[in-house]
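Chemist: My questions will all concern the structure given below.
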Amino acid sequence: MNKLDSLRAAITQALPELQKSPENLRLWIARGSGRCQATATDAFGFEYEANVLIVEMGSDFAVLAHAIFRWLRVNQPDLVVPPKEGFTFDVDPLDNGMADVLLQIRLTQNVTVASKAGGGYDMSYLAEPDPLFGEDLGFGGVMPVPPFAGVDIDG
């Protein structure tokens with residue numbers, strides 16, 4: 001399940017203290033399940049809760065949240081569309097201005113399966129679909145309504 005590797009990289013890049021102490025970042029999977037659509041292919045998928053524990057985090061929680069949401073836009077775009085919940089979290093403040101932070105993120109990972117000519121199978125993880133909107137566009141690729149700038153009463 002390759003999403004955990006890219007999630008680890010995104011968090012490590014965002015928080016300077018993890019670059020110095022990578023052992024303070026722990027990821028694991030809980031409550032996972034497999035699913036299959038009973039179609040003509042052997043494709044299947046996983047759904048699981050990714051748990052992210054950061055021990056003695058000194059950075060602002062908003063920095064971590066920003067990194068997670070940027071990662072979700074590419075790797076799990078359905079979680080950044082209202083009314084979906086992007087992630088849940090627990091924070092344990094410590095005496096030294098740091099905190100232990102636990103995030104729970106519900107992820108999916110789809111796998112394609114192709115038979116090899118000599119027997120066996122080739123499996124690959126599917127990329128997520130493109131997000132519904134880019135950084136500068138609104139819903140469905142439509143330009144958003146510009147912000148209200150004022151009213152000219154004399155004109």
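Chemist: Give the Debye-formula value of log10 I(q)/I(0) at each listed q (0.21 Å⁻¹), with one equal scatterer per alpha carbon of the stretch 3-129, two decimals each.
Modeler: Each listed q corresponds, in turn, to -1.23.
Chemist: Okay, next question. Over the stretch 3-129, what is the relative contact order in percent, taking alpha-carbon pairs closer than 8 angstrom and at least six residues apart?
Modeler: Numbers: 208 pairs, mean separation 32.2, N = 127.
Across the stretch 3-129, relative contact order equals 25 percent.
Chemist: May I have the pair-distance distribution P(r) for the stretch 1-65, computed from all Cα-Cα distances with 10 Å bins from 0 and rounded to whole percent?
Modeler: 18, 41, 22, 12, 6, 0
Readers should treat all values here as calculations from the given coordinates under stated rules, not as data from a laboratory. Model, not experiment: these values are computed from the prediction.
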